[in-house]
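What follows is a single structure, written as C-alpha cells, with notes after it.
The values are calculated or read from the model by the stated rules, or taken from the named source; none is laboratory data. Remember, it's a predicted structure, so these values are computed and weren't measured experimentally. Glycine gets a Cβ as well: all are built from the backbone with ideal geometry, and neighbour counts include every protein chain shown.
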2 protein chains.
Amino acid sequence: MSNPRSDRVRAVRALSRRAVRVKQGLFLADGPQSVREAVAHRPDVVRDVYVTADAVARHPTLVETALGAGVPVHEVTDEVLTAMGDGQLSVAPQGLLAVCGLLEASLDDVLARQPRLLCVLTNVRDPGNAGTVIRGADAAGADAVVLSAGSVDVFGPKVVRSTAGSLFHLPVVVGLEIEAILEQVGRAGLRLLAADGSGRHVLGQVDLSGPHAWVMGNEAWGLDEQVRERCDDVVRVPIHGLAESLNLAMAATICLYASASAQQG
Amino acid sequence: MSNPRSDRVRAVRALSRRAVRVKQGLFLADGPQSVREAVAHRPDVVRDVYVTADAVARHPTLVETALGAGVPVHEVTDEVLTAMGDGQLSVAPQGLLAVCGLLEASLDDVLARQPRLLCVLTNVRDPGNAGTVIRGADAAGADAVVLSAGSVDVFGPKVVRSTAGSLFHLPVVVGLEIEAILEQVGRAGLRLLAADGSGRHVLGQVDLSGPHAWVMGNEAWGLDEQVRERCDDVVRVPIHGLAESLNLAMAATICLYASASAQQG
C-alpha cells in the first residue's frame, strides 16, 4: 500500500478519535511492543497489522506470529503509516500499527473466575497514569483492572502506549458506574480496600492474604467520601520523607505489589 | 511588572535553555507545588518569586512564607509570566514561578551523614522518569538521589515539575561518573544493589535492613554489564503476570519502598 490518501488510510486514521472508535468498535495499537503483545496474546481481536519494509526486517518473529495466527499483515510505505497515525501516534519511526477490536471484558466473567486481586480505578483522567497502572497491575499478577465510567478512554493512543502491551494481557473492564462495581465486587467476596492518603490503616499493617480489590481515585482529588465509606478499609501508603504524596501510578503499583507479595509469598 | 519585553523577562526566559542554566547557575521552578516547597524548604536558593495577582489571592500562605524567609516576591501580569515561561512552562494558568540557584549537593557531604538508603541513577534520559524517581525516593525516605554524568538535566522544567517539589526536599547529586559514584558509595560502607531484570536475587528475598544503595539504569537498555558486576548483588523485581517489565520509576519506587519497610518496619 502506497497511497496515503486511500479510503483505508482514512478509515484507520479516523480511529484516533474516540467517537469513531466507539462507533466502529476498533482501536489502534502502535509500536513493536504493543503490536507484538497483541498478536501473541489476543490475535482474536487483531483485524490488521500494517508494517513498513524496514520493520518487517527488524521484527521477523512478530510478523511470523501474526501470519501464523491468521492475522492479515500489510506492507505499507512510511508515508502511509504516517498518514494512518494522524500525528498522534509515533508509528513512523517504529513502522508498526495494528487495528484491533475493542477488548471487552465483563465484570461478571472476571468475578466468575474467583479473582484474588483486582484494581478498580475511578475518575482517573490522565492517560499515562491509567496506562501505567494497567502495566503495574499486570506485573503484580492482578486478575483484572476495572475503570469506572467517567475515567479516561483506555483505548486512546496514549493509554494504549503506556500499558506497554499489558492491555492485551489481562481483562480490563470499562463503562460501569463505581457504585455498581463496588456492589458487585463486594458481593463476590473480595474485600474492598480504598487507597487514600486519609487512610487510618497503613500499608504493611494490613492483612493482604485474602481476595481483595484496591480502589483508587482521581490523580488530584483522590477518592470521594462516599466511595471511601463504601469500602471495608481505607489504607494509606506511608510517606517516610517530606513528599506530600506519591503519584497515582506509583501508589497503585506499591499497593498491588504488597498484595502480590502477601498472596504469593 | 507588566512589560513582557523587559530585560528581566528575557533573562528569566533564557533559563529554559540548559546552557544558560549552567552559565548562570540558576533554574526555574513553576507551579504552586514546586514554588511552595522551594520557599518552605530551600528559601536559601530562591532568588525571586514571580506571581500574578490571581495567584497571590489563591496562595496567601505561600506568599507569606516567601516574604517571611526574605525571598523577593514580584507581582507580574499574566503576559509577563507567559513570556517568562517560553512555552515550556505551564505558568500562565498557575500564576507562579521561582528562579532558584542550582541545588548543588556533594556526594562527600551526603556520605559524611552516614546515609542508610541511596538511589543511584545512571544514563536515565527521560525527564518524567527521573523526576518521578526523585519523588518516590523522597516518599520512601531515601537520604539522597545521585544521577551519573550523562543522565538527563535534573534542572530542566520537565524533571523539576515531575519531582512535585521533592527536588527541594532531599540532596540530589549530579555530574559524577558512575564508576566514581560506585567506588565512593561502596567505600562508605553501603551495599551496592543493582536493580535489573537479569538479577539472580529476587526482591523480597534480599536482606535490606543494612545501609545500601539501589543502582538503576537506563529506561530502555537497563544497566551496563560492568556496572552490574561492580555491584554487590543484582536484584530483580518479580514479574507475576505477563508484563515484560516495569518502567523505571515504578521499579525504583517498589525497590525503595521495600528498603524503607525493611529499615523502618
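Taking B:Ala213 and the conditions (1) within 14 Å of chain A (Cβ to nearest Cβ); (2) under 23 Å from the mean Cα position of the chain (by Cα); (3) not in a helix (DSSP H, G or I), which numbered condition does it fall short on, given that it satisfies the others?
All conditions are met except number (1).
Tell me which residues, restricted to region B:184-204, are in contact with a strand residue (DSSP E or B) (Cβ under 7 Å, 6 or more places away or on another chain), surrounded by fewer than 20 Cβ atoms within 10 Å (Cβ to Cβ) and over 10 Å from B:Arg228 (Cα atoms).
Result: B:Gly186, B:Arg191, B:Gly197, B:Arg200, B:His201, B:Val202.
Looking only at helices (runs of 4 or more DSSP H) that fall completely inside region A:69-158, which ones have 1 or more residues that are β-branched (Val, Ile, Thr), under 22 Å from A:Val56 (Cα atoms) and in contact with a helix residue (DSSP H, G or I) (Cβ under 7 Å, 6 or more places away or on another chain)?
On the way: elements: A:78-85, A:91-94, A:107-112, A:127-139.
The helices (runs of 4 or more DSSP H) meeting that bar are A:78-85, A:91-94.
Would you call B:Leu62 assigned to a strand (DSSP E or B), touching a helix residue (DSSP H, G or I) at 6+ places or on another chain (Cβ under 9 Å), in contact (Cβ under 8 Å) with a residue 12 or more places away in the chain and not assigned by TED's automatic domain parsing to the domain that holds B:Leu170? Quick ask: steps written out before the conclusion?
Numbers: assigned to a strand (DSSP E or B): no; touching a helix residue (DSSP H, G or I) at 6+ places or on another chain (Cβ under 9 Å): yes; in contact (Cβ under 8 Å) with a residue 12 or more places away in the chain: yes; not assigned by TED's automatic domain parsing to the domain that holds B:Leu170: yes.
When the stated conditions are applied, B:Leu62 does not pass them.
To keep it simple, each residue is scored yes or no on (1) within 30 Å of B:Val39 (Cα to Cα); (2) under 20 Å from the mean Cα position of the chain (by Cα); (3) assigned by TED's automatic domain parsing to the domain that holds A:Ala139; (4) not in a helix (DSSP H, G or I).
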{"residue": "A:Leu193", "(1), (2), (3), (4)": "no, no, yes, yes"}
{"residue": "A:Gly204", "(1), (2), (3), (4)": "no, no, yes, yes"}
{"residue": "A:Glu229", "(1), (2), (3), (4)": "no, no, yes, no"}
{"residue": "A:Val235", "(1), (2), (3), (4)": "no, no, yes, yes"}
{"residue": "A:Pro238", "(1), (2), (3), (4)": "yes, no, yes, yes"}
{"residue": "A:Ala243", "(1), (2), (3), (4)": "yes, no, yes, yes"}
{"residue": "A:Cys255", "(1), (2), (3), (4)": "no, yes, yes, no"}
{"residue": "A:Ala260", "(1), (2), (3), (4)": "no, yes, yes, no"}
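Please work out which residue is farthest from the other protein chains (Cβ to nearest Cβ), limiting yourself to region A:216-265 and to residues that are small (Gly, Ala, Ser) and in contact with a Leu (Cβ under 6 Å, 6 or more places away or on another chain).
To start, the set of residues in region A:216-265 that are small (Gly, Ala, Ser) comprises A:217, A:220, A:222, A:241, A:243, A:245, A:249, A:251-252, A:258-262, A:265.
Narrowing the set further to residues that are in contact with a Leu (Cβ under 6 Å, 6 or more places away or on another chain) leaves A:217, A:258-259, A:262.
Working: A:Gly217: 17, A:Ala258: 9, A:Ser259: 10, A:Ala262: 11 Å.
So the residue we want is A:Gly217.
Within region B:194-210, which residues are closer than 21 Å to B:Val110 by Cα and either among the small types (Gly, Ala, Ser) or touching a Gly at 6+ places or on another chain (Cβ under 6 Å) (or both)? Lay out the reasoning, then the answer.
Start the filter on region B:194-210 by keeping residues that are closer than 21 Å to B:Val110 by Cα, which leaves B:194, B:208-210.
Listed by number, the residues that qualify are B:Ala194, B:Ser209, B:Gly210.
Given the structure, is A:Gly136 at pLDDT 95 or above and within 14 Å of chain B (Cβ to nearest Cβ)?
Working: at pLDDT 95 or above: yes; within 14 Å of chain B (Cβ to nearest Cβ): yes.
When the stated conditions are applied, A:Gly136 passes them.
Looking at the structure I just gave you, is B:Ser209 surrounded by fewer than 22 Cβ atoms within 10 Å (Cβ to Cβ) and at pLDDT below 95? Lay out the reasoning, then the answer.
Details: surrounded by fewer than 22 Cβ atoms within 10 Å (Cβ to Cβ): yes; at pLDDT below 95: no.
Judged against the criteria, B:Ser209 is not a match.
Hey, any hits in region B:197-208 for a residue that's basic (Lys, Arg) and within 14 Å of chain A (Cβ to nearest Cβ)? Quick ask: steps written out before the conclusion?
Initially, region B:197-208 is screened for residues basic (Lys, Arg), giving B:200.
Subset that is within 14 Å of chain A (Cβ to nearest Cβ): none.
So far as region B:197-208 goes, no, none of its residues is basic (Lys, Arg) and within 14 Å of chain A (Cβ to nearest Cβ).
Go over the candidates B:Ala55, B:Ala29 one by one and state the one that is of a type in the set (A, V, I, L, M), in a strand (DSSP E or B) and either buried (at least 18 other Cβ atoms within 10 Å of the Cβ) or more than 23 Å from the chain's Cα centre (by Cα) (or both). Let's see the steps before the verdict.
Working: B:Ala55 fails: in a strand (DSSP E or B).
When all the criteria are applied, what remains is B:Ala29.
Checking the structure you have, find out if any residue of region A:169-177 is in contact (Cβ under 8 Å) with a residue 40 or more places away in the chain, within 14 Å of chain B (Cβ to nearest Cβ), surrounded by 17 or more Cβ atoms within 10 Å (Cβ to Cβ) and touching a Phe, Trp or Tyr at 6+ places or on another chain (Cβ under 7 Å).
Checked against the condition, which is being in contact (Cβ under 8 Å) with a residue 40 or more places away in the chain, within 14 Å of chain B (Cβ to nearest Cβ), surrounded by 17 or more Cβ atoms within 10 Å (Cβ to Cβ) and touching a Phe, Trp or Tyr at 6+ places or on another chain (Cβ under 7 Å), region A:169-177 yields no hits at all.
Pull out all pairs, ordered by first then second residue, where Cβ-Cβ is under 9 Å, the residues are six or more apart or on different chains, the first lies in region B:29-43 and is at pLDDT below 95, and the second is surrounded by fewer than 19 Cβ atoms within 10 Å (Cβ to Cβ) and not in a loop (DSSP other than H, G, I, E, B).
B:Pro32/B:Arg58
From the residues in region B:142-163 that are touching a Leu at 6+ places or on another chain (Cβ under 7 Å) and within 12 Å of chain A (Cβ to nearest Cβ), which one is surrounded by the fewest Cβ atoms within 10 Å (Cβ to Cβ)? I'd like the intermediate steps shown before the answer.
Here is the first cut: in region B:142-163, the residues touching a Leu at 6+ places or on another chain (Cβ under 7 Å) are B:142-149, B:151, B:154-155, B:157, B:160.
Then drop every residue that is not within 12 Å of chain A (Cβ to nearest Cβ), which leaves B:142-145.
On the way: B:Ala142: 26, B:Asp143: 20, B:Ala144: 22, B:Val145: 30.
Among those residues, the one meeting the criterion is B:Asp143.
For the condition more than 19 Å from B:Ala258 (Cα to Cα) and not charged (D, E, K, R), what is the one hit in A:Val202, A:Val173? Before you say what the answer is, go through the steps one by one.
Values: A:Val202 fails: more than 19 Å from B:Ala258 (Cα to Cα).
Checking each option against the conditions leaves just A:Val173.
Just to be sure before I move on: is B:Leu111 aliphatic (A, V, I, L, M) and closer than 30 Å to A:Ala262 by Cα in the structure I sent? Please lay out each step first, then the result.
Values: aliphatic (A, V, I, L, M): yes; closer than 30 Å to A:Ala262 by Cα: no.
Answer is no for this residue.
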